[in-house]
Amino acid sequence: MRRILALSAFLAALVTGSLLVAPAAQAATGPSATRIDSVDRRRQGDRVLVNISYTCPAGARIQLTVTVTAANGDRIAQGTRQKRVDCTGDWAATEMRVDRDLAGALFIVGQATARTVRTVCDDTSCVTIPFDESIRIS
């Protein structure tokens, strides 16, 4: 009976200890952020050039996914682009060339929305954070 109790206590401590350690792995990805600095129309509206700044913990990797959506009359222009970069711990900038979906309209100058999804990964875990914002295509 004592062996069973000792084994139960050991297993409980093992499980509880692993539960306390698991959140730390997720916290190791640390804070991250993105901001869209500018969006410029290119190739007669077939593409927009998105200049985006990002920060994430040094040594982590970040996958950026940007979807730009804009109205063009009674049609919708939309396109998505993904890019994977390494993190330095400081703010960095990158360009993303977002081509329109061929079934949709051309991008035009004016108001639009952008959905940025950042997935930040370290050696043990990943955290995915979506962010929607209003932008202006120049």
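Screening the candidates THR69, THR94, THR34 for the property of being part of a strand (DSSP E or B), modelled with pLDDT under 95, among the hydroxyl-bearing types (Ser, Thr, Tyr) and at negative phi yields one hit, THR34. Scanning region 97-127 for residues that are among the small types (Gly, Ala, Ser) and modelled with pLDDT of 95 or more yields a count of 4.
The number of residues in region 72-91 that are of a type outside the set (S, T, N, Q), modelled with pLDDT of 95 or more and surrounded by 14 or more Cβ atoms within 10 Å (Cβ to Cβ) comes to 5.
Once region 102-119 is narrowed to residues that are touching a Lys or Arg at 6+ places or on another chain (Cβ under 8 Å) and buried (at least 17 other Cβ atoms within 10 Å of the Cβ), the residue that is farthest from ARG75 (Cα to Cα) is ALA112. Would you please list the contacts, defined by Cβ atoms under 8 Å and residues six or more apart or on different chains, that run from a residue in region 62-75 that is within 30 Å of ASP122 (Cα to Cα) and free of Cβ contacts under 8 Å to residues at least 60 places away in the same chain to a residue that is of a type in the set (D, E, K, R) and surrounded by 17 or more Cβ atoms within 10 Å (Cβ to Cβ)? Close Cβ pairs satisfying both conditions: ILE62/ARG118; GLN63/ARG118; LEU64/ARG118; THR65/ARG81; THR65/ARG118; VAL66/ARG81.
Let's see how each residue does on (1) farther than 20 Å from ASP37 by Cβ; (2) under 14 Å from the mean Cα position of the chain (by Cα):
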| residue | (1), (2) |
| --- | --- |
| ALA60 | yes, yes |
| LEU64 | no, yes |
| THR67 | no, yes |
| GLY73 | yes, no |
| MET96 | no, yes |
| GLN111 | no, no |
| ALA114 | no, yes |
| ASP123 | yes, no |
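The set of residues from region 76-129 being farther than 23 Å from CYS56 by Cβ and basic (Lys, Arg) comprises just one member, ARG100.
If you filter region 72-91 down to residues that are in a loop (DSSP other than H, G, I, E, B) and among the small types (Gly, Ala, Ser), you find that the one that is farthest from ARG115 (Cα to Cα) is GLY89.
Within region 37-50, the residues that satisfy the criterion of being over 16 Å from the mean Cα position of the chain (by Cα) and in a strand (DSSP E or B) are SER38, VAL39, ASP40, ARG41, ARG42, ARG47, VAL48, LEU49. For ILE76, state whether it is among the hydrophobic types (A, V, I, L, M, F, W, C) and in contact with a Gly (Cβ under 8 Å, 6 or more places away or on another chain). Yes, satisfied. For ASP132, the test of being out of contact with any Cys (no Cβ under 9 Å at 6 or more places or on another chain) and assigned to a loop (DSSP other than H, G, I, E, B) is failed.
The values are calculated or read from the model by the stated rules, or taken from the named source; none is laboratory data. Bear in mind the structure is a predicted one, so any value in this text is a computation, not a measurement. Reconstructed Cβ throughout: ideal geometry from the backbone, glycine too, with neighbour counts over all protein chains shown.
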